[in-house]
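What follows is a short report on a single structure.
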Amino acid sequence: MAKRVLVKFSGEALASKEGFGIDTAILKYIASEIKSLVENGIEVGLVVGGGNIIRGVSAAKEGIIRRSAGDYMGMLATVINAVALQEALEYWGLKVRVQSAIKMEEICEPFIVRRAIRHLEKGRVVIFAAGTGNPFFTTDTAATLRAIEIGAEMIIKATKVNGVYDKDPNRFPDAKKLDTLTYDEALSDNIKVMDDTAIALAKDNRLPIVVCNMFESGNLLEIIKGDYTKCSIVSNNIK
Ligand code: UDP
């Protein structure tokens, strides 16, 4: 069983039916799934995206807001989600710290890797907010970076689908699930696992990427315990 993991989910997962904002029922559900990991002695780092509030690329679409400004807005959005998630985790009685890549000390701690590791060792969940702190990156890259920094055994990308498909399963009924992929396959154009920067970083550091459905209760725990039937794994050593 993995001892330390990094779980990443998109901001959109938190959105209400309208596709934006934060749905507290979903927040409560996600936090309860994380609780089951902590109760099983797993050290959990979390990264949440900001797409339910704003994304840099969309903000910059009309040419009024510059991309870098839009990206900083996106990073701030992840802090909003992180604070919400912290509340939901504390609702379930967990100990939590938010660490931000951009200092905002009235709201959360700054990111300090040694301190983050100490929190994890003490059984606290650490939420890494504000992405990498740099524009032109994504929260997938931030999650991969933090996973490597804290020495996580895997990064779990928790999504709405149960793995990686050769084409969009929502549009193509004949889409095939790929149980295992190499990093190079994940980098190919038609496969959408994470952006290339994130995959390249994982490849260089041999960090396995697991893609699973977070809306199937118990899934995260099963994967961490070593049951890989309901997910896809990107790594070099399978096949
Ligand atoms: N972002 C950024 N640098 C980072 C991480 C995120 O500039 O290191 C910005 C970027 O604009 C991105 C937004 O924050 O669109 C929200 O993150 P993301 O799109 O990855 O969220 P998700 O799609 O996972 O909800």
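Using the Cα gyration tensor of the range 114-165, with a ≥ b ≥ c the square roots of its eigenvalues, what is the shape: rounded (a/c below 1.5), prolate (a/b larger than b/c) or oblate (neither)? Note, shape of the range 114-165 comes out oblate. State, as an integer percentage, the relative contact order of the range 113-180 based on alpha-carbon contacts under 8 Å between residues 6 or more apart. With pairs under 8 Å counted, the relative contact order is 18 percent. Qualifying chymotrypsin sites (Phe, Trp or Tyr not before Pro) in the range 114-215, where qualification requires a DSSP coil assignment and no more than 12 other C-beta atoms within 10 Å, comprise 136. Per-residue extension of 0.36 nm, minus the Cα-Cα distance of residue 118 and residue 190, leaves a gain of 22.0 nm for this segment. When DSSP beta bridges are restricted to pairs lying wholly in the chain, around 20% turn out antiparallel. Hey, with R₀ at 41 Å, roughly what FRET efficiency would residue 66 and residue 40 work out to, going by the Cβ-Cβ distance, to 0.05? E between residue 66 and residue 40, to the nearest 0.05, is 0.35. Calculated mean residue ellipticity, 222 nm, the chain: -10500 deg cm²/dmol, from DSSP H runs (n ≥ 4) at -39500 (n - 2.57) each, averaged per residue and rounded to 500.
For a modelled paramagnetic label at residue 177, 7 Å from Cα along Cα-to-Cβ, the residues of the range 200-236 in reach, with backbone nitrogen under 11 Å, are 212-213, 228-233.
Partners of residue 167 within straight-line reach, counting lysines whose Cα lies under 30 Å from its Cα and excluding those fewer than 8 residues away in the same chain: 8, 17, 61, 157, 176, 177, 192, 203, 225, 230, 239.
Ranking of 48, 126 by neighbouring Cβ atoms within 10 Å, starting from the fewest: 126, 48. Using the Cβ of residue 227 as centre and a radius below 14 Å, the other residues enclosed give a net charge of -1, where K and R count +1 and D and E count -1.
Diffusion of the range 187-239 by Stokes-Einstein, at 25 °C in a medium of 0.890 mPa s and with Rh set to the Kirkwood radius over alpha-carbon pairs, works out to 201 µm²/s. Taking 4.7 Å between C-beta atoms as the pairing limit, the chain has these partnerless cysteines: 108. Sorted ascending by nearby beta carbons within 10 Å, beginning with the fewest, 231, 108 become 108, 231. By other beta-carbon atoms within 10 Å, ranking 105, 39 with the fewest at the front produces 105, 39. Per the Debye calculation on the chain with a single equal scatterer at every Cα and no solvent contribution, log₁₀ I(q)/I(0) for q = 0.07 Å⁻¹ amounts to -0.20.
Excluding residue 168 itself, calculate the net charge of residues whose Cβ lies under 13 Å from the Cβ of residue 168, where each Lys or Arg counts +1 and each Asp or Glu counts -1. That works out to +4.
No value in this document is a laboratory result; all are computed from the given coordinates. Treat the numbers as computed from the prediction; the structure is a model and nothing was measured. No Cβ is skipped: glycine too gets one built from the backbone with ideal geometry, and neighbour counts run over all protein chains shown.
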